[in-house]
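Worksheet: the structure to be examined is printed underneath.
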Amino acid sequence: MRYRILIERGDQNTAYGVIVPDLPGCFSAGETADEAIVNTTEAITLWIEEEINAGRSIPQPSPPAAFTPLEDDQSEQWMWGWAYVDRAALDVSAEHFKGTRSQAD
């Protein structure tokens with residue numbers, strides 16, 4: 001599965017921050033963009049596991065067309081990216097996801 005992520009650019013004084021728009025409250029950070037994405041993949045995995053343990057359904061990743069381009073004044077601070085999560089590693093069955101398995105992969 002791949003989730004669209006929004007990365008806030010860091011600099012020598014601040015870390016890169018990441019939010020996952022499809023998963024409310026799911027966020028992460030890292031010293032570099034690559035580290036932030038790796039940490040976000042772990043955050044997504046933990047978020048999904050927690051939702052399943054609470055008996056809630058997991059939202060399907062939104063299609064790429066659902067995300068609008070950033071405005072010029074936003075693109076210096078933010079950038080879109082992807083975080084990939086191996087659903088097989090989650091040991092999650094399709095009924096936990098809203099929609100079909102093919103939509104979530």
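The values are calculated or read from the model by the stated rules, or taken from the named source; none is laboratory data. As the structure is a computational prediction, the values presented were derived from the model and not from experiment. Using ideal geometry, Cβ is built from the backbone for each residue, glycine included, and neighbour counts are taken over all protein chains shown.
Determine if region 1-17 includes at least one residue that is of a type in the set (F, W, Y), outside any helix (DSSP H, G or I) and in contact with a Leu (Cβ under 8 Å, 6 or more places away or on another chain). Yes; the residues of region 1-17 include at least one that is of a type in the set (F, W, Y), outside any helix (DSSP H, G or I) and in contact with a Leu (Cβ under 8 Å, 6 or more places away or on another chain).
Close contacts from region 4-32, counting a first residue that is under 18 Å from A66 (Cα atoms) and a second that is among the charged types (D, E, K, R) and not in a strand (DSSP E or B), with Cβ to Cβ under 8 Å and a gap of 6+ residues or different chains, come to R4/D22.
Listed by position, the helices (runs of 4 or more DSSP H) enclosed by region 22-105 that each have at least 1 residues that are at pLDDT below 80 and either under 14 Å from the mean Cα position of the chain (by Cα) or crowded, with 16+ Cβ neighbours inside 10 Å (or both) are 87-90, 101-104.
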